[in-house]
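The structure appears right after this line, and notes come after that.
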Amino acid sequence: MFIACQCECDHEKENNNPYLLESHMFKSRFESKHGEFRVLDKFTQLHRGIENYRVGVLEFEPLSFMLPHHFDAQLLLLIVRGRGSVSIAEEDEKNSFNLEHGDVISVSAGSTIYFTNTNNKEKFSVYVLAVNVPGQFQEIFSAGSENQETFYRAFSNDILETAFNTPRNRLERLFGQQKQGIIIKASEEKIRAISQPGSRSIRGETRGPVNVLNQRPLIGNRFGQYFEAAPERFEHLRDLDVAVGIMNINQGGMILPVYNTRTTWLVMVAQGNGRFEMVSSQSQERRGHNYQKAVRGCLSVGDFFVIPAGYPITVIANGDSNLRMVGFGINGHNNMLNFLAECLRPDHSIGVPYWRCRCEMSNGAPCPPRGEPHCLKDPPSAHN
């Protein structure tokens, strides 16, 4: 449920929030003038149940190309901005897919992949979830660069000469050619050639992208919409038990307090500004009882926050911008959204997700944040 709310964020009043990690806390794994890859550190003991997950952001400038590489972790890739392509090589097969905003695709650990930004004007941004048992992951490049050395150089010269049946001096020239960086600029002609669709997997092991925004909104009205791709419906999400969600809140809008019954969400702000309030459970005891604490945070583009299962939360968009968030939901199977406040009508069941809600109006001005929500007379169709 979404309603109007006249709420702005005051950075000076927000308390210390361990669930909010601002954009500057992402650390660069590699960077060039044509793009970069930034990741968050491993989650702490505070975030129980997600220690084996890492998140990161890949960003590509227009008409750029990322050298072939592989990860020692299984990946989920969610396209946050722009258009591009990804090529995935598994054993003797190569699969290439065009990607756009809202697409999500999985990549098996050890698969060789490379990305291209096929647009000549807009950046291409990818939100990355890595799943690895130790909670660590590493990218390994087959081609060298200014700051990353090809893994071939780890082998001795006699092994390389024998394996490639190539003289040492020719191998040295080959491995020394790439010095521009991991992400490099390319002409439109080269980008088109690189991103040509490849052969489809005969065994069906590589699965193409699913677009989250093509799903029917789980909840929505004129103040916002929430789209979700659930693991019950998609095999490559079912394997990881991960849901993928995109929430849009229009300027001045707010989602009513809600909690997830089973899923812990790893959320990144993709557009706009806002704030959130969440009720957390404290491990300490006062007078023999557990107590609850409200944590608050201001949200800007690139910020990241964790929503543990069972923690009630509300998110508000600033009055001057729409707020768009993307997230990966850990333990996504059979999750339910339970709202703590609803728009009520005596002639309808509680909680119909497509009702239009509004705050009580006074002289045409929005009500205070705590104003009572009311439904308009006629609920809209499910298309609104």
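The values are calculated or read from the model by the stated rules, or taken from the named source; none is laboratory data. Worth saying up front: this structure is predicted, and the values here are computed from it rather than measured. Heads up, the Cβs are rebuilt from the backbone with ideal geometry, glycines too, and the neighbour counts pull from every protein chain shown.
Residues in the stretch 34-77 that are outside any loop (DSSP other than H, G, I, E, B) and among the basic types (Lys, Arg) were compared, and the one that is nearest to Leu129 (Cα to Cα) is Arg54.
Of all residues in the stretch 322-341, those being outside any strand (DSSP E or B) and surrounded by fewer than 17 Cβ atoms within 10 Å (Cβ to Cβ) number 5.
When only residues in the stretch 101-138 that are farther than 21 Å from Asn214 by Cβ and of a type in the set (Phe, Trp, Tyr) count, which is modelled with the highest pLDDT? It comes out as Phe115. A single entry from Arg358, Arg370 fulfils the requirement of being more than 26 Å from Glu59 (Cα to Cα), at pLDDT below 80 and not in a loop (DSSP other than H, G, I, E, B): Arg358.
When the test is whether a residue is modelled with pLDDT of 70 or more and assigned to a strand (DSSP E or B), Ile184 passes it. Every condition in (1) modelled with pLDDT under 90; (2) crowded, with 18+ Cβ neighbours inside 10 Å; (3) more than 17 Å from the chain's Cα centre (by Cα) is met by Ile50 except one, and the failing one is (3).
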